[in-house]
Amino acid sequence: MQRPRRLVTVSHSYVVTLNRRLANELARVGGTAWDVTAVAPRFFHGDLGPIHLKHGPDEAARVEGVRVFMSRSPHAFVYGPELREHLRGVDLVHAWEEPYVLAGLEAAMLTPRRVPFVFSTFQNLSKRYPPPFAQTERFVVRRSAGWVAWGETVKDNLLGRPGYASRPTRVIPVGVDTELFRPDRASGAAVRHELGWEREGPPVVGYLGRFVPEKGLTLLMQALEHLKSPWRALFTGGGPQEAELRAWAARQGDRVRVLTGVTHDGVPRVLNAMDVLCAPSQTTPRWKEQFGRMLSEAFACGVPVLGSDSGEIPHTVGDAGLVLPEADPSAWTRALEALLESPERRQELATRSRERAVTRFAWPVVARAHLDFFDELLARR
């Protein structure tokens, strides 16, 4: 009987239990053919505060904690000597670390020479890195057996950089839990009630994400103000534009709610309170939408989606929603008007949304795509 292939996947994101969903799904989908270990920091300075590694009750992958150093810097932190021990005797190493950061370099250097090394990247903007990060990227790409692009715009951007085109690549989307995120209109009605809205009323236009200019809040507010059809709006998230958003909401009477402090496990209820989700992201010289996790989560909840043409959004939306010009408020007003006036059209998009989530973004589908790519790379060896 053939022994299972040993896969080690390394990521500083794995310090958060929820972020280990990829590793755990690789283990579940891999079954007896793959033995999966996730290597995570025991401690990491996160954006919102320090995070200690905790083991979940139902993890399918083996989780190994290691020390990391300089974790206040996402570009300069390193794992240290413990990582080397976990990379011995394995069949393939996967690093969910950008190739230009020192942790990505460390994982590539410590992977034994005959073991295929694969990295994943979100980089969808063309950037020039200063030393030593430019040299780090070139080394990691040369050392790799292949790379995973978290989106079509990532692949398009990186194929023009030195070395990338000579390595096999696979575009794989970010996963979504289609059991946690599912259509549940009863919970959505409960959220509306908690917000002080009557069960019956105009459709709810939703927004989920950071309250920052590049996410297009100003455009969405302008589009809503010009609607002739009755509407309500629910803005969920947080950020520096909160005061501006609340001031605007106060001028709209009872038809706008601003909801902050929602944890990730509370997001499905909020999405189910929406009749349509808007993602009006705005491209800047330093940023464009990388994937749009809120889109796949809305799809999974069967919520129709309107997204801008910024970055990866058109590829994420596909034919399951509507893609609109990111700098045209009147186009957004017209599209919203048409949807608010047509329950049948909203139901059609809701059905297509859920189907796209289940067939493209569900975690088992994403994990299977990774393992198929790893099998292909091992076959090349």
Residues whose built amide H sits under 5 Å from the amide H of PHE211, excluding neighbours closer than 5 in sequence, are GLY238, GLY239, GLN241
Roughly speaking, what is the centre-to-centre gap between the stretch 227-251 and the stretch 7-79 when only Cα atoms are used, to the nearest Å? 37 Å
The stretch 94-190: which trypsin sites (Lys or Arg not before Pro) are DSSP loop and have at most 13 other beta-carbon atoms within 10 angstrom? ARG113, ARG114, LYS127, ARG128
Quick check: pseudo-label points 7 Å beyond the Cα along Cα→Cβ at GLU82 and THR32, how many nm apart are they? 3.4 nm
Could you tell me the number of lysine pairs in the chain with C-alpha atoms less than 19 Å from each other, where the two lysines are 8 or more residues apart or belong to different chains? 4
Classified through the alpha carbon gyration tensor (a ≥ b ≥ c as square roots of its eigenvalues; rounded if a/c is under 1.5, else prolate when a/b is larger than b/c, else oblate), the stretch 239-326 comes out oblate
Just going by the charge dipole of the chain, with Lys and Arg at +1 and Asp and Glu at -1 on Cβ, which of TRP287, ALA60, TYR79 is farthest out on the positive end? TYR79
The chain: calculated mean residue ellipticity at 222 nm from DSSP helix runs of at least 4, using -39500 (n - 2.57): -10000 deg cm²/dmol
Placed amide H near GLY216: partners under 5 Å, 5+ positions off or other chain: GLN282
Interchain or long-range residues, amide H under 5 Å from ASP35's placed H: ARG5, ARG6, LEU7
Rounded to whole Hz and in sequence order, give me ³J(HN,Hα) for the stretch 183-198 from the Karplus expression 6.51 cos²θ - 1.76 cosθ + 1.60, θ = phi - 60°, writing x for Gly and Pro. x, 8, 5, 5, 5, x, 5, 5, 5, 4, 5, 4, 7, x, 9, 5
Placing +1 at every Lys and Arg Cβ and -1 at every Asp and Glu Cβ, with all other atoms neutral, what dipole size does the stretch 247-371 have around its Cα centre, in debye to the nearest 20? 300 debye
Inverse of <1/r> over all distinct C-alpha pairs of the stretch 185-361, i.e. the Kirkwood Rh in Å, gives 16.0 Å
Estimate the FRET efficiency between GLU355 and LEU18 by the formula 1/(1 + (r/R0)^6), using the beta-carbon distance for r and 25 Å for R0, to the nearest 0.05. 0.50
Name the most mobile residue of PRO364, PRO57, PRO314, meaning the one with the largest mean-square fluctuation, in a Gaussian network model of the chain with Cα contacts below 10 Å. PRO57
Per-residue HN-Hα couplings for the stretch 29-37, Karplus 6.51 cos²θ - 1.76 cosθ + 1.60 at θ = phi - 60°, whole Hz, x for Gly and Pro? 5, x, x, 7, 7, 10, 10, 10, 10
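Which shape class applies to the chain: rounded if a/c is under 1.5, otherwise prolate when a/b exceeds b/c and oblate if not, where a ≥ b ≥ c are the square roots of the Cα gyration tensor eigenvalues?
Because a/c hits 1.5 or more and a/b exceeds b/c, the chain counts as prolate.
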Quick check for me: using +1 on Lys/Arg Cβ and -1 on Asp/Glu Cβ, what's the dipole size of the chain about its Cα centre, in debye to the nearest 20? 1220 debye
Which GluC sites (Glu not before Pro) in the stretch 189-280 pass both tests, a DSSP loop state and at most 10 other beta-carbon atoms within 10 Å? GLU198, GLU200
What list of ³J(HN,Hα) values in whole Hz, one per residue of the stretch 57-74 in order, does the Karplus curve 6.51 cos²θ - 1.76 cosθ + 1.60 (θ = phi - 60°) give from phi, with Gly and Pro shown as x? x, 10, 7, 7, 8, 6, 10, 10, x, 9, 6, 10, 10, 6, 6, 6, 10, x
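Rule-based calculations on the coordinates, nothing more; no lab input. Since we're looking at a predicted model, the values are computed, not measured. Cβ sites come from the backbone with ideal geometry, for glycine too, and all protein chains shown count toward neighbours.
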